[in-house]
Each structure stands twice: as structure tokens, then as C-alpha cells.
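> Before I ask anything, let me first share the structure, which is written out below as C-alpha cells.
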2 protein chains.
Amino acid sequence: MEPLVGSLRERATSSCSCRTLQSWFPVLSWLPHYNLRWLQMDLVAGLTVGLTTVPQALAYAEVAGLPVQYGLYSAFMGCFIYCVFGTSKDVTLGPTAIMSLLCASYMGSDPVYAVLLSFLCGSIQAAMAILRLGFLLDFISYPVIKGFTCAAAITIGFGQVKNIFGLKNIPQQFVLQVYYTFHRIPEARLGDVVLGLSCLALLVSLTWMKTDLVSPSPEHPTYVKVAHGLVWGCATIRNVLVVIMASCVAFSFEISNHHYFTLTGQTAKGLPPFKPPAFSETKANGTIIYFKEIVLVSTQVFTLLTKWSQNGYRIDTNQELFAIGLTNIMGSFVSAYPVTGSFGRTAVNSQTGVCTPAGGVVTGVIVLLSLAFLMPVFYYIPKASLAAVIICAVAPMADWRAPLQLWRVRKLDLLPFMVTFLVSFWEVQYGIVGGVLVSGAMLLYHMARPHIEVHDHGVLVMDLDSGLNFPATEHLNQVIYSQALHVSPPRCVVLNCHHISSVDCTVVHELKDLLKQFRLRNVSLVFSGLKNSVLEVLLAGDLPGLKYTDSIETALQILSGNTHFD
Amino acid sequence: MEPLVGSLRERATSSCSCRTLQSWFPVLSWLPHYNLRWLQMDLVAGLTVGLTTVPQALAYAEVAGLPVQYGLYSAFMGCFIYCVFGTSKDVTLGPTAIMSLLCASYMGSDPVYAVLLSFLCGSIQAAMAILRLGFLLDFISYPVIKGFTCAAAITIGFGQVKNIFGLKNIPQQFVLQVYYTFHRIPEARLGDVVLGLSCLALLVSLTWMKTDLVSPSPEHPTYVKVAHGLVWGCATIRNVLVVIMASCVAFSFEISNHHYFTLTGQTAKGLPPFKPPAFSETKANGTIIYFKEIVLVSTQVFTLLTKWSQNGYRIDTNQELFAIGLTNIMGSFVSAYPVTGSFGRTAVNSQTGVCTPAGGVVTGVIVLLSLAFLMPVFYYIPKASLAAVIICAVAPMADWRAPLQLWRVRKLDLLPFMVTFLVSFWEVQYGIVGGVLVSGAMLLYHMARPHIEVHDHGVLVMDLDSGLNFPATEHLNQVIYSQALHVSPPRCVVLNCHHISSVDCTVVHELKDLLKQFRLRNVSLVFSGLKNSVLEVLLAGDLPGLKYTDSIETALQILSGNTHFD
């Protein structure tokens, strides 16, 4: 399946007039070639993803602190819009655990804010996409992503322990939550605990079954293949199976008047109304919310971008941003809260062999049907079973090997990881901000203090092992002064500029001063291995006494003949 | 004179136990060697600088919108403190035009705020110095400095035109100031205009005389040498001469009851009281003022650092920061407003042949004597003469060749210049902030989008012309996908890593994905010219299918033998 999008894109780029249109509406590149086999595969994949989406959407609404129907309200718009505007066949937009956690931390369970947040996020994302600002996301590094997802997974997962225990009124802040959850274990409801742990056990075993499943070879008898297909199917739609089973158990106890389980309870019925979000509520905390949105937006998109490369093709960052932005804007008209690409459901989509984004339409229809007809049934879903669904969904994100890997590969990268991880526990939305600032500072520090190797070949040869941008001039000056100019007698220096790809005016200005100091002391500074583009800038800078050679050897020969030549 | 500080420093570093002490108290490195010849030179230089300091301090207080005595209050503490803690023999701390302009824009002419500002700035600077954060100043680039000084010089210079015209109640904002100054020219006072223009003409001709002055050779007769010395001396202390002459003229008219000139008027008498600054006023705008201080601090220090390298030795940024910080903290106890190193007076100090920072003590004593005994005389100083002093002091800073030079050397550097220049006119303190942000963004963009040259030698050879940090991975991926993986058939790639000096975990992680994609398509990605340190990180990253060679040629030989080898 992998080369598909690639080849479609190629074909798209072959005709120049359609190219722009196709890059804005990727649907145009695959719809003309749509065929019956693709439809078949898309139907199966869409159905499977739909059956995963419904229980997850209900569960994530709980994470966001919203009534369960808001999860479904948010789950269908993305399916239709991504079908037209998305560049990847696998990605599924909808409510996710991390986004729900972020929303919860912002809006204090008020659906009106959640919907408004969706509109604002969408507008910012669409604007960024149109202004081609997607490259800003390149500044979120791998350690920051890992630190954030680990912390979020732990926060979200632990946040559901209270539902497994059937506890109510636990504060939201992580530390307090841990404290009160353990403190109030004696109040746990037996029914919830038993049901929750059973659901967890079932989900874990189904996941394991799928992992260990060996594909049958063609020579196996048919019943083996059918059995394999059945196990694989059950394991894939395990979320909905577990929730249905738990609901049936809860229903049978409820109708016999035994209230052992905490249930979802009454929900709004039917489809959400189509109406613009309520803008009047912005006034209270106008400016502050904008900054928070930007944080949200970046989080939303990085979750989408991470790991999609594993599916074998590159997605167009700006176009994806645009698709998510539009989904959030349109979503706010149907009472959705902010959505993004879901790791888990995208993986399911890919594994069931989806061929085009049209699979999303099937998923969207299933969500709409659930909203239209199944809401009364959702009354009986036990909260403990949804908690089990969430815990199993986020557990793989808490990647405990990540810090070990960072330690092994490059210890310094543990710093942004730890900052992101720890700050996320304090205030989840600032984790990424903190991490990005730390890794940005590390980049800039590295730029300001490049490694300069000094060799003594009679004259000093200084090797700059990376570029020479303006923040590095002070450091270069300091090394040259301390090693060549502030010693007696002053020494000649050959500066090996082999690795320098560009210089700026600050560098030129400092070099002018430096050359003057060398002249005053009757010694020489020779540049070797300058690239043409760099040499042009230096010549334009009109540096008196500029000397340059092609290689260090030539420079050494000239200088060794006459170490005090002028 | 130049090698002096250098050789002193060497001697200082020779004894290891004293080194730390001497680096905190640089006075210890020169005081033991103090001699009569140095004393003689320092006395002359200190006296000359003192005679420049007094009129400038009075004038700059006017720029800051404070009563004139505050200029003198701010001018002596730095002389004594720098003598003990400073690392350069030439630098003179005291009120400067730019700092006065910055202060004026913050505190709206209230001396209490000015003194408090001095304390806060000093504390931040001292803290930065102790935490070794001086390297942050490396991020202020030459175009930003130039843009800021040009804008500040124009703002300050034009701000004095109203005093030449004898106009009052002109608004402070630059655009309004220009409008109202021209609008109200008909109200100009003839006496002020004539006196101001005369002072300006005198100052300009004395400056020219000094520039064109040819040093007498030893064979010239004594009277030539004396005449030369006299002209040189008059030109050097031209500020005080002009102010004295103007005051004499004003005094003679005043006592004959002809009030033609706007005078400085009544000032406080005597030395300032020694008392802590008034902290109670902070409460009102607590948080906002802190950000502003940081801006002020950076401005203060960059003015100090720029161009001192011309004096032939490097100063220790952190130690200088500490000296300025301490000056500002102690200054706030004697009602000083924030000070920094003065370009002009430092140049005078250097030209008169100062030997050690002890020259500053003489300057400080002169300021104190003026405060103690001369205040009643200052009543008669015409404001127009002070305006002329300021205009002549700031004129050289408005370097109109700077943008031309940037255009010639590297056109892109005009962007931070123009941003700084224009923002400075709008709000002077945000000019530098804007410029630093723009040049920082340019650096980061350059880092995120390195130049990748692609050559086709049967297999693709990609040359990375600078380092490979995490923001660049997305771009590298995009180039590799579009040129090698999303084409049919997929192609082998040799990545020339010759210029890469370090990689981080994000890069390793992305390369892992990339290698997987190459394997899936049965083509190869070969790294050539890896440095040992980089190779170690890649090996620690445990990349399956990592292939590397020493040179591109070897890589090409291997790949051309078998373009689909595994």
C-alpha cells in the first residue's frame, strides 16, 4: 500500500495546471481512480475504526471533563473533512486522550468553552497553514515529544484509576489526585473495582493475543483461516466488545435493582444542533486564552506528525494543518471540542488495509448513527469499563525505554526530556513550551560556543568544526586573543574555515577588528579553505589585510617562510 | 599601552591561588605595580575626563527628564567602583545619552523611579554576572546594535532641537516631537537660537581641529609643541569650555536684567544623601517593570561591549557586568539613575593616555567637588549650550554608512537593522528586543533549512553544507523522499556528512525511520565522511542497516557494483 500516495502525488505533479488545485484538495488525486476493490477495503477498515472510535470518544469526553455525547459530537466532522483535504490514507482525526487532557486543563468542564476553543484552535491552525508556518513544528524535538507523551500518558492513565475504584470528587491536579485517590481507597466500590479490573484483564489479553497471532499460510485449511480472522477481528474491535459486555452486565444488574456500578447515566439524545460557537464568553479572559491556544495547536499538530513517517510516505505539514484547522472550525458548529490525529485508530486503520481516506466516511457515518439511535443505550455503560479502555489506549505511550535510549545515545538530550516530563506534571500545557525553550536554548548555546580545535604547527591552526554565525564571534575572539594575541610574542594563526557555510555582517565586522589587532602586533591571520560564497561576503566587507589560501598546507608554507610578513 | 592589561593578566594567571581573587578584584593585578609615571598620566587623563563628564552629566540628566543634579549624582560612583572591579583601563562608567533616553521612556521624569530602576538594574546585572550569563549578550548582533544606535542618536539629537529653539512643553514621543517642534518654530527665542547655534559651531570646529591636527615631530621647536598641546587640550575639553563661555555670556546678560536665554535654573545644592532607594513605589507596576529592566540591562551592557575590542584587548564580559551591576546598586544609594560605559569619555580617556583604572578616581573627585561647590554656578548654564553638547556627542553615533555597508556585505542583514531602527522610533526600548527576535529567528530558520546540494553520480550524492540539528531533520527527510524514495524506481543515496559536527537524538530517531524506508524499497542510504564523535552517537542509536564509508568515492564504488545490495 505504501507507494500509493507517492505515486498518486507524482501523477498529480505531472500536470502543472491541476497541481495547485490537487495540493489543496488531495481528494482530486485519488477519487478519479477509485475502484471496487478499494471500496471493499475502505468499508471494512472504516467499520473497524468506527467500532473503535465510538467507545474511545465516549471515554475521552470523560477525560476532558465533558458529558459523554461531546466525544461523539467531535468524532465525525474530521472523518468527512479529512477525506477531502487530508494527504494520508491512514490518519483518522477525532478526540484523543492527550487533547482531552489539554482541554480539561483549560476550560474547567464548561462545554461552551470547549466548543469555542475548538473554533479558535481551528482558526489559528488554518491561518498557520495558509501562511506556510508549518516549519515552526520542526522545533519540537524528539525528547520533548517523548517527555510530553510519557507524562501525559501517566497523567491520563492515573486519572482513570478513580473511575476503576468508583471514587467521585477527586481533584484534577496530578499530585492531589494521586494523594486523594490512595487516601480514599477504603471508599472504593466493589462492583466498579471488579468490573474495571475484569475489563482491563480482557483488554490486555486481547491485545496480547493480537500481538502473538501468527498469520496463517495459504496451505492452512479454511477453518484455521476463519478462526484466525475471528480472533484478529475480535482483538481489533476489543474496545467495543468490552464496553458492550460490561454494559450488558451492568444492565442486567440494574433492571434487577442492584446498583453495583457507576454508570454513564443520562445523556443528550440525537445529533448536535448546527450553530456557531458562543463568542460572548471570550471577553472575560481574552488575551490569555490566545497564548494557550497556540500551545494547544502545536500539541495537536505534533501528535499528528510524529511517527506518520513509519507509514512510508511524507505528509504535507501545512496541508495537514489546514485539514485539522478546518475540522476544528467546522467542528465548533456541531459542538465539538478540539480534535487531532489519533495514534491508535490510525494504526487500526492502517492494519485493516485502508486504501484511501474514503474509509473515514464510513467511520463518520457510524458515529452519526450511534448519535442518532444509540444514545439511550449509553446510559448503561459502566464508567469503569470506559476507564479500562482509556488506560489500555494510553499505556503504550508511557514509553519507559525512551529515557534509557536518550541516555545511551546522547545524555544531553535527557535535559529537554526531563524538563518537559516534569513541567507536564505541574501544568500539562506548559510541558511542551518548557521543553521547546530548553532545546532551543541548547541549540543557540551550541551555536554561540562552537568547538574550536587548536593545533600548534609552529603557527597556530584553529579548526572551526561548524558554522560561524554571529553569536559565535565573541567565543572565537576570546580563543584567538587568549592563545595568539595575549601571549608574548604574539603568534600567527591559520583559521580553517572549511566547515563554514555562511557568514553574516557581525562576523565580518569582528574579523575586521581582529585583523587590525593582528596587524598592530605584526603577526598574520590567514583564512584557509573558504567557500566561494563566504569569500565573496568577506571581500564585500572590504577587510584590510585579508589573506586567504586554499589549504592549510599552503598557509603554513607561506607563514613558515616569514612568520612576520605584512 | 595596549599590551599592559594583557601582560598583567598573564602574570595574574601565573599564580593559581591568587587567580580567582584577582579575577574578581582586577585592581589587585595592577595596584602592586603602580608607579609615579602611571600616576602622572592617570592624573592628566582623569582631569580631562572629569572636565568632559561634568557638562555631559548635566546635559544627559536633561535627556532623562530629570533635574540636572541627578546627572552628577550618577557620575561619580562608577569611577570609584570601576577602579576596583573593572578589567579595562579606559572604560568610564557614568550617565550616557542612550541610557538617559531609555530611562526617560520608562519612568516619566520621576527621580524616585529613576533611582529604584538603578537598583533593580544593578541587581539583575550582578546576578547575571554571578550566574555567568554574560554569553547571552552574544545574541545581540551588529545590525541590531547599529540600528539601535542610529535610531537612538536621531531621537536624542532631535530631542535637543527644542532646547536650541528655546521651546517648552513639547511631547516626548518622537513623531509628535518632530511635528510640534517644526509647528512651533515661530515661537523660537532668538537668544537661545543664536547661543545654541554658536555653541554648535564652536564644538564642531574644535572637533574638526582635533581630527586634522598633525602631531609635531621631535625636531619641531618647543613653541610648536606647546601650541599643538594647547589646541589639542582645548579641543579635548571643548565641552566644558563651551559651557563655561555660554554661561559667562548668560551671566553677563542676566545681571544686566536681560533675560534672553533659557537657563538651567535652581538646582539642589551639595552632595546627595546616602540612603537606600524607595522600594514602596514598586508595588503599582511590579511585574511589568522587571521585563523592562532586562531590556535596559542588555542595552546597558551591549553599549559597553561594542567596540572595546578596538582598544586592543578583550574585556571579561561577566566581570564588566558585575562592575556595572555593583555601580548601579551602590549608585541607587546616592540617588543615581542607571549608568553604563560612555563611548565618548572612554575615547577621551584612552587618547589622553590613561595607564590604569585609577584615572577614574580623579574623575570621581572632580564630580564630587563640582557637586559640593559649583551647584550655585550651574544656575546660569543656558539649556541651549547643553543641547549643543548633546547633539555633538550623539552625532557620530548616527552612522548613515551602516545600512550601505550591510547592503554591500549581506543584504539579508538589513532586515534586523531596519526592524530595530523602525521599532526604536516607535518605542525605543523595544527596538533591541525586536531586532534580537528577528535575528534569532533568522538563525533558527537557517538551522531548520540547511542548504542541501544534490549531485547525480548514478546514485544520488547529497551534500549537507552545515550541521544537522533537530530542526533540520524534517527538511532533510523531505529532500530525500522527494528525490530518492518517491520516484520510481527508488534510488540509492550517499549522504555526505563531512560538515556535520554533532547530531542529537531527534536526528538519530529520524534516520532510523529513514533507513527503514530505504530497506523497504530495497535501496541503500550510505553515510560518508562521518566524524568519530558523530559515528559514536549513530552507533549508540543502534540503527539497523547503518552503512558508512570514509569517502564519497568508496561509497560510490560499493553502490555502483550493486545498487540494490542489502
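The values are calculated or read from the model by the stated rules, or taken from the named source; none is laboratory data. For clarity, every value in this text was computed on a predicted model and none was experimentally measured. Counting neighbours? That spans all protein chains shown, and the Cβs are built from the backbone with ideal geometry, glycine included. Please note that ligands, DNA and RNA were not included when accessible areas were found on the heavy atoms of the full protein model with its side chains. Shrake-Rupley method; radii C 1.70, N 1.55, O 1.52, S 1.80 Å.
> Quick check on this structure: which one of B:502, B:424, B:524, B:488 is in contact with a strand residue (DSSP E or B) (Cβ under 7 Å, 6 or more places away or on another chain) and hydroxyl-bearing (Ser, Thr, Tyr)?
Selected residue: B:524, the only one of B:502, B:424, B:524, B:488 that is in contact with a strand residue (DSSP E or B) (Cβ under 7 Å, 6 or more places away or on another chain) and hydroxyl-bearing (Ser, Thr, Tyr).
> Anything in segment B:445-474 that is in a helix (DSSP H, G or I) and either more than 7 Å from every other protein chain (Cβ to nearest Cβ) or among the polar types (S, T, N, Q) (or both)? List them, or say none.
B:445, B:446, B:472, B:473
> Before we move on, is residue A:412 without any contact (Cβ under 8 Å) to a residue 60 or more places away in the chain, under 30 Å from the mean Cα position of the chain (by Cα), within 12 Å of chain B (Cβ to nearest Cβ) and surrounded by fewer than 18 Cβ atoms within 10 Å (Cβ to Cβ)?
yes
> Only one residue in A:506, A:554 is within 40 Å of the chain's Cα centre (by Cα), free of Cβ contacts under 8 Å to residues at least 40 places away in the same chain and under 29 Å from residue B:498 (Cβ atoms), so which one is that?
One residue alone meets the criteria, A:506.
> Next question. Name the single residue that is farthest from the chain's Cα centre (by Cα) among those in segment A:522-546 being open to solvent by 40 Å² or more (accessible area, probe 1.4 Å) and within 10 Å of chain B (Cβ to nearest Cβ).
Among them, the one singled out is A:542.
Per-residue answers, yes or no, for (1) open to solvent by 10 Å² or more (accessible area, probe 1.4 Å); (2) in contact with a helix residue (DSSP H, G or I) (Cβ under 8 Å, 6 or more places away or on another chain); (3) at pLDDT 85 or above; (4) closer than 30 Å to residue A:387 by Cα:
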residue: A:6; (1), (2), (3), (4): no, yes, no, no
residue: A:17; (1), (2), (3), (4): yes, no, no, no
residue: A:35; (1), (2), (3), (4): yes, no, yes, no
residue: A:49; (1), (2), (3), (4): no, yes, yes, yes
residue: A:57; (1), (2), (3), (4): no, yes, yes, yes
residue: A:65; (1), (2), (3), (4): yes, yes, yes, yes
residue: A:85; (1), (2), (3), (4): yes, yes, yes, no
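> Now a separate question. Go through segment A:250-273 and give me each residue that's buried (at least 18 other Cβ atoms within 10 Å of the Cβ) and among the hydroxyl-bearing types (Ser, Thr, Tyr).
A:262, A:264, A:267
> Can you name the condition, by its number, that residue A:464 falls short on among (1) free of Cβ contacts under 8 Å to residues at least 40 places away in the same chain; (2) under 38 Å from the mean Cα position of the chain (by Cα); (3) over 17 Å from residue A:513 (Cβ atoms); (4) open to solvent by 10 Å² or more (accessible area, probe 1.4 Å)?
(4)
> If a residue has to be under 20 Å from residue A:466 (Cβ atoms) and β-branched (Val, Ile, Thr) to count, how many in segment A:397-455 make the cut?
Residues in segment A:397-455 being under 20 Å from residue A:466 (Cβ atoms) and β-branched (Val, Ile, Thr): 3 in total.
> Further question on the same structure: What tally of residues in segment A:331-365 results from selecting those that are open to solvent by 10 Å² or more (accessible area, probe 1.4 Å), closer than 19 Å to residue A:69 by Cα and touching a Cys at 6+ places or on another chain (Cβ under 9 Å)?
Here the count works out to 1.
> Run residue B:435 past the list (1) open to solvent by 10 Å² or more (accessible area, probe 1.4 Å); (2) more than 8 Å from chain A (Cβ to nearest Cβ); (3) out of contact with any Asp or Glu (no Cβ under 9 Å at 6 or more places or on another chain) and report the number of the one that doesn't hold.
Residue B:435 satisfies all of (1) open to solvent by 10 Å² or more (accessible area, probe 1.4 Å); (2) more than 8 Å from chain A (Cβ to nearest Cβ); (3) out of contact with any Asp or Glu (no Cβ under 9 Å at 6 or more places or on another chain) except (1).
> Give segment A:173-222 a look and list any residue that's open to solvent by 60 Å² or more (accessible area, probe 1.4 Å) and not in a helix (DSSP H, G or I), or say none.
A:173, A:189, A:214, A:215, A:218, A:219, A:220
> Considering only segment B:313-330, state which residues are under 16 Å from the mean Cα position of the chain (by Cα) and surrounded by 22 or more Cβ atoms within 10 Å (Cβ to Cβ).
B:314, B:317, B:320, B:321, B:322, B:323, B:324, B:325 - these are the residues of segment B:313-330 that are under 16 Å from the mean Cα position of the chain (by Cα) and surrounded by 22 or more Cβ atoms within 10 Å (Cβ to Cβ).
> Continuing with the same structure: Hand me the list of helices (runs of 4 or more DSSP H) wholly inside segment B:55-113 holding 2 or more residues that are closer than 23 Å to residue B:359 by Cβ and charged (D, E, K, R).
none
> Across segment B:475-508, which residue is farthest from the other protein chains (Cβ to nearest Cβ) among those that are open to solvent by 30 Å² or more (accessible area, probe 1.4 Å) and either in a helix (DSSP H, G or I) or among the small types (Gly, Ala, Ser) (or both)?
B:483
> Does segment B:239-249 include one or more residues that are more than 21 Å from residue B:387 (Cα to Cα) and surrounded by 12 or more Cβ atoms within 10 Å (Cβ to Cβ)?
No, segment B:239-249 has no match at all.
> Could you tell me which numbered condition residue B:136 fails, if it satisfies all but one of (1) over 29 Å from residue B:252 (Cβ atoms); (2) loosely packed, with under 14 Cβ neighbours inside 10 Å?
In the conditions (1) over 29 Å from residue B:252 (Cβ atoms); (2) loosely packed, with under 14 Cβ neighbours inside 10 Å, residue B:136 misses (2) alone.
> Looking at A:156, A:170, which one is under 30 Å from residue A:421 (Cβ atoms), touching a helix residue (DSSP H, G or I) at 6+ places or on another chain (Cβ under 7 Å), touching a residue at least 12 places away in the same chain (Cβ under 8 Å) and part of a helix (DSSP H, G or I)?
A:156
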